[in-house]
Amino acid sequence: MQTFTLLSRQRNQMIEITDQVRECLAGTGNRDGTVFVYCPHTTAAITINEAYDPAVVHDMLLWLQRAVPHKQEGFRHDEGNSDAHIKASLVGSSVTVLVEKGELMLGRWQGLFFCEFDGPRQRTFQVQWLPA
Amino acid sequence: MQTFTLLSRQRNQMIEITDQVRECLAGTGNRDGTVFVYCPHTTAAITINEAYDPAVVHDMLLWLQRAVPHKQEGFRHDEGNSDAHIKASLVGSSVTVLVEKGELMLGRWQGLFFCEFDGPRQRTFQVQWLPA
Amino acid sequence: MQTFTLLSRQRNQMIEITDQVRECLAGTGNRDGTVFVYCPHTTAAITINEAYDPAVVHDMLLWLQRAVPHKQEGFRHDEGNSDAHIKASLVGSSVTVLVEKGELMLGRWQGLFFCEFDGPRQRTFQVQWLPA
């Protein structure tokens, strides 16, 4: 298992982490299996989406902010970041990707993203190689 | 694989199951790997979120009820619980968590939750230990 | 790892793929483990939900279209399919299911679905058997 650190710079931000995940597979030989990427925070998430046009990430964050507004009537959590907790469970705490002969089997347009929903902060994520 | 049973008491409820998942790791020795938690129901889900302040769970369920109202124009499913099916796919049927030396590697505020969206009912969930 | 091809016929469509996933387990003997199903596209997803009454799928797609409208003010992605990218991350790129003695351990009403959000198109998905 490898742990990576990153710094987010906005309250809502998607940071591509494909290179770090690929790096973890360097020492595993030409084997098949899966790689598991985990977010240990409750106001952040991990997802896979298009890494080519940054407008996709922009539109996704815009939709999330509209669908889950920061402040809402009836919210009780004192920290005032319930929107971030909700987004974390909607997007999910981890992703798994296939590995074939040591290579990450992403689709053509896919990249892995750390999703910050309550930044800016220092964050971590974990990567675990699981041979088949 | 271990199967656990629980009773939900409300239509929408998040029930913490971290202790049960930890219990499953007792006999596995000090090994590394992952643990997989699965919900075999189509109107319930599994998620990871803050287990410290119960207001987080309250706010998440409130948002879900507003975003996915119980009755909606155009819904065709006779049982009248399509909202619960939709929430199940949004939140997801399973989670995976890292295990290091036999210990669940949750982040500081993280807990595992069984999410009931069509209770009250008797439900089950399954836990499978997967060594790396 | 096995790769399957399918053809979607609508812009938004959920296509059951339970039989293909089950087929992958035919040669694995009576072993325990998990099976991992992956979508290599950024405008499609994989989910588990009720496969018995097709009205459930209808209602889920109806809700998703209402919650994530096709065109939205402020969207920047030129291809005009940001809604599909957003739905892909909400529903998720993969699912994992338990396998016991070579059998898929789905709940009574559960089936696996490939979720098309930007069809009609030819698509693929991948299935990987992971022994425990």
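The values are calculated or read from the model by the stated rules, or taken from the named source; none is laboratory data. The structure presented is a predicted model; accordingly, all values stated were derived computationally and were not measured. A quick note on method: Cβ atoms are made from the backbone with ideal geometry, for glycine too, and the neighbour counts reach across all protein chains shown. The area values use the complete protein model at the heavy-atom level, side chains included, leaving out ligands, DNA and RNA. Shrake-Rupley method; radii C 1.70, N 1.55, O 1.52, S 1.80 Å.
Structure summary
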read-out	value
Pick from segment C:63-81, criterion at the interface with chain B (Cβ under 10 Å from one of its Cβ atoms), open to solvent by less than 40 Å² (accessible area, probe 1.4 Å) and without any contact (Cβ under 8 Å) to a residue 12 or more places away in the chain, ranking: farthest from C:ILE15 (Cα to Cα)	C:ALA67
Segment A:95-108, residues that are on the phi < 0 side of the Ramachandran plot and more than 10 Å from chain C (Cβ to nearest Cβ)	A:GLU103, A:LEU104
Test: residue in segment C:67-78 that is part of a helix (DSSP H, G or I), within 18 Å of the chain's Cα centre (by Cα) and over 30 Å from C:ASP32 (Cβ atoms)	no
Those residues of segment C:3-33 which are within 20 Å of A:GLY33 (Cβ to Cβ) and modelled with pLDDT under 95, in sequence order	C:CYS24, C:LEU25, C:GLY27, C:THR28, C:GLY29, C:ARG31, C:ASP32, C:GLY33
Filter pass, A:LEU112 being open to solvent by 10 Å² or more (accessible area, probe 1.4 Å), modelled with pLDDT of 95 or more and more than 9 Å from chain C (Cβ to nearest Cβ)	no
Scan of segment C:91-114 for residues that are of a type outside the set (S, T, N, Q), farther than 12 Å from C:MET14 by Cα and not in a loop (DSSP other than H, G, I, E, B), ordered by number	C:VAL95, C:VAL97, C:LEU98, C:VAL99, C:GLU100, C:GLU103, C:LEU104
Complete set of residues in segment B:52-61 that are open to solvent by 40 Å² or more (accessible area, probe 1.4 Å) and either closer than 16 Å to B:CYS115 by Cβ or in a helix (DSSP H, G or I) (or both)	B:PRO54, B:HIS58
Complete set of residues in segment B:33-47 that are open to solvent by 10 Å² or more (accessible area, probe 1.4 Å) and either part of a helix (DSSP H, G or I) or of a type outside the set (S, T, N, Q) (or both)	B:PRO40, B:HIS41
Residue list for segment B:115-132, restricted to those being in a loop (DSSP other than H, G, I, E, B) and either open to solvent by 20 Å² or more (accessible area, probe 1.4 Å) or touching a Phe, Trp or Tyr at 6+ places or on another chain (Cβ under 7 Å) (or both)	B:ASP118, B:PRO120, B:ARG121, B:ALA132
Residue within segment C:26-36 that is among the hydroxyl-bearing types (Ser, Thr, Tyr) and within 14 Å of chain A (Cβ to nearest Cβ) present	yes
Residue among B:GLN10, B:GLN20 that alone is surrounded by fewer than 19 Cβ atoms within 10 Å (Cβ to Cβ) and either touching a Phe, Trp or Tyr at 6+ places or on another chain (Cβ under 8 Å) or within 14 Å of chain C (Cβ to nearest Cβ) (or both)	B:GLN20
Residue tally, condition within 9 Å of chain A (Cβ to nearest Cβ) and over 22 Å from A:LEU90 (Cα atoms), over segment B:115-132	2
